[in-house]
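Novice: What follows is a structure written as structure tokens; I'll ask about it next.
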Amino acid sequence: MLDLIRNNVQSFGVKFIVGIVVMVMAFFGVSAFRNQGINTIATIDGYEIKVSRYQRAFEQAQNEIRQRFKSQAAEYMKMINLPAQIVQQLVNNALLLKSAQKLGLAITDQELAQSVFETPAFQTDNRFDPKKYDSMLTNNRIDKLLYEKDLRENLLSEKYIQLLTSGVLVSRQLVDEEFRRLKTEMTVKLIEFTPEMFSKNIAVTDTEISEYYDQHRSDFQQKKQYVITYFTLDINDIKDKAIVRDKEVQRYYEKNKDTEFSTRASFLARHILIPIPEDKNEKEMILARNKADGIYQQLKEKPALFPQLASKNSADTVSAKNGGSLGWVEKGTFVKEFELAVEQLKKNEISKPFLTNYGYHIMQLLDQKPPEVKPYESVEKEIADKIQNRKASRRLKNKVSTLVQKNGEKSLDQLASENSKELVTSQAFDDSENLKDIGYTYQLYEDIKSKKIKDRGSFNLSNESGVIIYEISEVIDPFIKPLKEVKEQVSFFAKSEKAKKTAKEKALAGAAEIKSLAAFENLAGQLGAKPQTISFVYSDRQSGGFRIGDTFRNEVYKMKKESIKAVMEADRNYLVYMVAKKEGVLEDLNSDEYKGLVSELKRQKANILISGLIGQMKKEMEVKYNQSILNALNIKYN
């Protein structure tokens, strides 16, 4: 049963259950399909997965993989077929969502608000900032209702998973066996058989090069490429024609002065936070209250000690570094209990300890400011610039639309000349180029993939720096690069593959021939390799500089003392000699470590249960894929 759980979790981890796709603030370009009628990747029992949702999830996953795998990120994404994985994640998430809705589960407005408030991207000094929330969404062109709808759905999926897994049980025998396994101590000697050991003596013939090329032709395929002719327009080309009248500025000020140009009443305070236990058990609550009372008594006698006591005792580590200072805060920002305490204090007065969900607070009110409205004169130019930019943006958008629609009426050269612009012809590009003036071509490539020669379009440059008006002047269909063009590259790959194969064969031969430690060490000398000695516990992921992978760990665990075995993990080949092995001992069933293992095994078992549930839901609910969109996005999904 344990192996079944372990194997299923590993295979299923790249699909979905280990972590559902949660839409975070990973802002990037909006979908090229957003303004078109065709913008749905898949439909699940009436629920639509939009292209924009896919792109947000894909970009987030892509960034995480790039940070983790660095130069190997592209190879890893190709290996796991990341686009298809993201589609599968979104479909699984939708299936869970539909199932949860059928059961009547829902996310309350309060739960949604709490999630938004706790999102770091929307916080200033670790507190929710409504202006930052609005500006982050607006600046990244994300609709607030759409964002909150997606977030609500993800929270519902999480709630449903918690409900499904809350009753999962595992047997005592299973936990005991796994605990002993995890605690097993092993010491091994190993020789790594690397391709470099044999590559110097390996050569490849022209026949082998040709065979490798024929077997891996798709690796040498050039994607479809485009050449465009274009000119650029930006707001500065239109701005002078966007006239702003004084009445418009005054009207905007009057309409927005109570929101955009005003500040609420605010206060300057510092506090000390004494934490309370999550379960709020009586014993620890009393201890926390007594500690807070003791600090309050010290402050009554010497108020000047507040910064030192905050630095030493406060659980709010951010403010503690500044003597407990919270800085200037608008009223209404904190929880109700804190706001009430502020109202009851006079300047420089220190509150008695009061309780919130975070713990016991001792707060000193240092100063207050009344509500303030910025005078018209101080913001007049700011408003005028904002209105002018909005007008110029609308004019630019209309102008671009008109120019694109004049396809056939005038040549692109004529349109460029009328706008005092020069035409530029790009180099041939696919979706992986970085073109001068345009930047990375991924989004542009998505925009033009369905177009043909002489078609025109427009494309917004990054950071709203302008718009290009383009015409496709050449389309270069995909082709396999000829062998003579890539022969050096093919030769290198063929030789590398042959060296890897040789290293594996030598390791297997060593395992079959070597019967003693002396013979093991003699072989190491012949190879010019110094055996590594690795001591580790089964649960370890690292021993010194040696990374212990799952395959290595499991294969070594099966070995007996003084036995020899060849172990292959990914592209690495080891000859392993077991020096010592000591099985783990089960001692305290009430230890945190044992309880933690119980929780982990429950989680793993829950993953299998949810996997089965998703499989069943796929049979009950109709899942339709939009193949034309999958093709347009180059998603190879079965």
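Novice: Would you list which aspartates and glutamates come within 15 Å of K257, measuring only between C-alpha atoms, while excluding same-chain residues fewer than 8 positions from it?
Specialist: E248, E372, E377, E380, E382
Novice: How much length would be gained if the chain were fully extended between L517 and V486, taking 0.36 nm per residue of separation minus their Cα-Cα distance, in nm to one decimal?
Specialist: 6.5 nm
Novice: Based on the alpha carbon coordinates of segment 90-132, what radius of gyration and maximum Cα-Cα distance (Dmax) apply, in Å?
Specialist: Both quantities, over Cα of segment 90-132: 14.5, 40 Å.
Novice: D240: net charge of surrounding residues, Cβ under 14 Å, Lys/Arg +1, Asp/Glu -1, itself excluded?
Specialist: +2
Novice: Sticking with this structure for a sec: Treating only the Cβ atoms of Lys and Arg (+1) and Asp and Glu (-1) as charged, compute the dipole magnitude of segment 469-559 about its Cα centre; round to the nearest 20 debye.
Specialist: So the magnitude is around 540 debye.
Novice: Right, something else. Restricting to DSSP loop positions (anything but H, G, I, E, B) with no more than 12 other Cβ atoms inside 10 Å of their own Cβ, which GluC sites (Glu not before Pro) remain in segment 223-305?
Specialist: Taking segment 223-305 and a limit of 12 other Cβ atoms within 10 Å, the loop GluC sites (Glu not before Pro) found are E278.
Novice: Round to the nearest 0.05 the FRET efficiency obtained for S628 and Q101 when R0 = 25 Å and r is the Cβ-Cβ distance.
Specialist: 0.30
Novice: About its Cα centre, what dipole magnitude does the chain give when the only charges are +1 on Lys and Arg Cβ and -1 on Asp and Glu Cβ, stated in debye to the nearest 20?
Specialist: I would put it at about 200 debye.
Novice: Still on this model: Of K131/K241; K291/K346; K78/K98; K102/K619; K336/K374; K241/K399, which ones are farther than 20 Å apart at the Cα?
Specialist: In this structure, K131/K241; K291/K346; K78/K98; K336/K374 exceed 20 Å between Cα atoms.
Novice: How many nm separate the modelled label positions at T194 and L340, each set 7 Å beyond the Cα in the direction of the Cβ?
Specialist: Once both label points are built, they end up 6.8 nm from each other.
Novice: Residues with beta-carbon under 15 Å from that of K582, excluding K582: net charge, scoring Lys, Arg +1 and Asp, Glu -1?
Specialist: +1
Novice: Rounded to whole Hz and in sequence order, give me ³J(HN,Hα) for segment 320-326 from the Karplus expression 6.51 cos²θ - 1.76 cosθ + 1.60, θ = phi - 60°, writing x for Gly and Pro.
Specialist: 4, 5, 10, x, x, 5, 9
Novice: Further question: Over all distinct alpha-carbon pairs, what is the Kirkwood Rh of segment 285-376 in angstrom?
Specialist: For segment 285-376, inverting the mean 1/r across all distinct Cα pairs yields 14.2 Å.
Novice: Tell me the GluC sites (Glu not before Pro) within segment 75-155 that lie in a loop according to DSSP and have at most 13 other beta-carbon atoms within 10 Å.
Specialist: E118
Novice: What distance in nm separates the simple spin-label points at Q616 and E282, each placed 7 Å from Cα in the Cβ direction?
Specialist: My value for the distance between the label points is 4.3 nm.
Novice: Another question about this same structure. Expressed as a whole percentage, what fraction of the accessible surface of the chain belongs to carbon and sulfur atoms when a 1.4 Å probe is rolled over the protein heavy atoms?
Specialist: Looking at the chain in its full context, I get 48 percent from C and S.
Novice: Let's test the formula: R0 of 35 Å, r as the Cβ-Cβ distance of E208 and L609. What FRET efficiency results, to the nearest 0.05?
Specialist: In this case the efficiency is close to 0.10.
Novice: Under the Kirkwood approximation for Rh and a Cα-based Rg, what ratio Rg/Rh is obtained for segment 144-294?
Specialist: Ratio value, two decimals: 1.21.
Novice: Considering only L299, T317, I286, whose Cα is most displaced toward the positive end of the charge dipole of segment 267-324, charges sitting on Cβ of Lys, Arg (+1) and Asp, Glu (-1)?
Specialist: The residue sitting most towards the positive pole is L299.
Novice: Another question about this same structure. Taking the Cα-to-Cβ direction at E593 and at E177 and moving 7 Å from each Cα, how far apart do the two end points lie in nm?
Specialist: 2.1 nm
Novice: In addition: Using helices alone, what [θ] at 222 nm do you get for the chain, with -39,500 (n - 2.57) per DSSP H run of 4 or more residues, divided over all residues and rounded to the nearest 500?
Specialist: Value at 222 nm, helices only: -15500 deg cm²/dmol.
Novice: Taking the square root of 5 times each eigenvalue of the Cα gyration tensor, what semi-axes in Å does the equivalent ellipsoid of the chain have, largest first?
Specialist: Value: 51, 46, 24 Å, ordered largest first.
Novice: Convert 37 °C to kelvin, take the viscosity as 0.692 mPa s, use the Kirkwood radius over C-alpha pairs of segment 176-261 as Rh, and evaluate the Stokes-Einstein diffusion coefficient in µm²/s, rounded to a whole number.
Specialist: The calculation lands on 139 µm²/s.
Novice: Under the Karplus relation 6.51 cos²θ - 1.76 cosθ + 1.60, θ = phi - 60°, what is the ordered set of whole-Hz ³J(HN,Hα) values for segment 272-280, x standing for Gly and Pro?
Specialist: These are the phi-based 3J(HN,Hα) values: 10, 10, 9, x, 10, x, 4, 7, 6 Hz.
Novice: Might you tell me the accessible area per residue for the chain, computed with a 1.4 Å probe and given in Å²?
Specialist: 58 Å²
Novice: Can you tell me the mean projection area, over all orientations, of the convex hull of segment 418-479's alpha carbons? Units nm², please.
Specialist: 4.7 nm²
The values are calculated or read from the model by the stated rules, or taken from the named source; none is laboratory data. Keep in mind it's a predicted model, so treat the numbers as computed, not measured. Neighbour counts run over all protein chains shown; Cβ positions are idealised from the backbone, glycine included. SASA here: full protein model, heavy atoms, side chains in, ligands and nucleic acids out. Shrake-Rupley method; radii C 1.70, N 1.55, O 1.52, S 1.80 Å.
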